[in-house]
Structures are given as structure tokens and as C-alpha cells.
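K.L.:
Below you will find the structure I want to go over with you.
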Amino acid sequence: QVQLAESGGGLVQAGGSLRLSCAASGRTFSDYDMAWFRQAPGKEREFVAAIVWNTGFTSYADSVKDRFTISRERAKNTAYLQMNSLKPEDTAVYYCASRTSLFTSYNVWGQGTQVTVSS
């Protein structure tokens, strides 16, 4: 069973940057993609970015498209989320997730890492 562990969250001032990591362990097969989601207090969990594991194709939510970059190191089974020009509205718990197919839901989730952006 694949397990995901996020790291890199913290407190940063508006306009600053953070880099989140998502390390996968226990992999016995290649997943289709890995993605980042976030959930702010009182709001629904929302999609942030995803990367197809084999091809590197990326997708982003409109709210982060020009500021965040998702990447991966296949040999390390690790995905990253580089977050630049952070805004207070980016404050949320950020979760890493994976799935085995384009046609399935994200079925493996990390426990989340807190990102707080102050004014």
C-alpha cells in the first residue's frame, strides 16, 4: 500500500515563498498522477495542481496557475509544490494525493501540512 507524507508547510508573510514536498513510500506500481489539494477553514477542499507521473503533464487551478509550480522526481517517488507570491487567501492545510488511473478518484492521501500566509 502506498503512503504519502507531506512536509514543508509553515508560516510565511504575504509575497513570500514555500516549497512543499510529498514523499511516497511502499510503492509497488506506478501511479497515474499526484496532486495537491488544500482546505481552508470553513471552505471545501479544492484542487490546486496535479502532475502526470510518467509524462510530467501538469494542470493548475486558475487561482494559482501563475504562482505555483508542481514537479516530481520519479526516482525519489516525490512530488513538489513550489509556491511563490503567496497571498493570505492561500492559507490552508495542503494535502498530497495520488490515484492509479485518470478514471478513478484520488484514493491515497497524506495527512496534510499547514500553510499560513500573514498580511
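K.L.:
In the stretch 70-79, how many are within 15 Å of the chain's Cα centre (by Cα) and either closer than 17 Å to Ala14 by Cα or open to solvent by 70 Å² or more (accessible area, probe 1.4 Å) (or both)? Spell out the reasoning first.
P.N.:
Initial filter on the stretch 70-79 (within 15 Å of the chain's Cα centre (by Cα)): 70-73, 77-79.
Checking which are either closer than 17 Å to Ala14 by Cα or open to solvent by 70 Å² or more (accessible area, probe 1.4 Å) (or both) leaves us with 73.
The qualifying residues number 1.
K.L.:
When the residues of the stretch 80-104 are filtered to those that are modelled with pLDDT under 95 and either part of a loop (DSSP other than H, G, I, E, B) or among the hydrophobic types (A, V, I, L, M, F, W, C) (or both), which remaining residue is most open to solvent (accessible area, probe 1.4 Å)?
P.N.:
Phe103
K.L.:
For the stretch 110-119, which residues satisfy the criterion of being within 17 Å of Ser21 (Cβ to Cβ), surrounded by 15 or more Cβ atoms within 10 Å (Cβ to Cβ) and of a type outside the set (Gly, Ala, Ser)? Write out each step before concluding.
P.N.:
Let us first name the residues in the stretch 110-119 that are within 17 Å of Ser21 (Cβ to Cβ), namely 110-115.
Now restrict to residues that are surrounded by 15 or more Cβ atoms within 10 Å (Cβ to Cβ): 110, 112-113, 115.
Matches in the stretch 110-119: Thr113, Val115.
K.L.:
Which residues, taken from the stretch 8-49, are in contact (Cβ under 8 Å) with a residue 60 or more places away in the chain and of a type in the set (D, E, K, R)?
P.N.:
Arg19, Asp31, Asp33, Arg38
K.L.:
Now a separate question. Among the candidates Ser59, Ser63, Ser21, which residue alone is in a strand (DSSP E or B) and either over 11 Å from the mean Cα position of the chain (by Cα) or surrounded by 18 or more Cβ atoms within 10 Å (Cβ to Cβ) (or both)? First the steps, then the outcome.
P.N.:
Details: Ser63 fails: in a strand (DSSP E or B); Ser21 fails: either over 11 Å from the mean Cα position of the chain (by Cα) or surrounded by 18 or more Cβ atoms within 10 Å (Cβ to Cβ) (or both).
Every option except Ser59 fails the conditions.
K.L.:
Another question, if that's okay. Exactly one of (1) outside any helix (DSSP H, G or I); (2) open to solvent by 50 Å² or more (accessible area, probe 1.4 Å); (3) modelled with pLDDT of 95 or more is unmet by Val48. Its number?
P.N.:
In the conditions (1) outside any helix (DSSP H, G or I); (2) open to solvent by 50 Å² or more (accessible area, probe 1.4 Å); (3) modelled with pLDDT of 95 or more, Val48 misses (2) alone.
K.L.:
Then there is this: What single numbered condition from (1) open to solvent by less than 70 Å² (accessible area, probe 1.4 Å); (2) farther than 12 Å from Val115 by Cβ fails to hold for Gln39?
P.N.:
(2)
K.L.:
Can you give me the number of residues within the stretch 50-95 that are out of contact with any Ser or Thr (no Cβ under 8 Å at 6 or more places or on another chain) and among the basic types (Lys, Arg)?
P.N.:
4
The values are calculated or read from the model by the stated rules, or taken from the named source; none is laboratory data. Just so it is clear, the model here is predicted, and its values are computed rather than measured. Because the Cβ atoms are built from the backbone with ideal geometry, glycine has one as well, and the counts that use them run over all protein chains shown. SASA here: full protein model, heavy atoms, side chains in, ligands and nucleic acids out. Shrake-Rupley method; radii C 1.70, N 1.55, O 1.52, S 1.80 Å.
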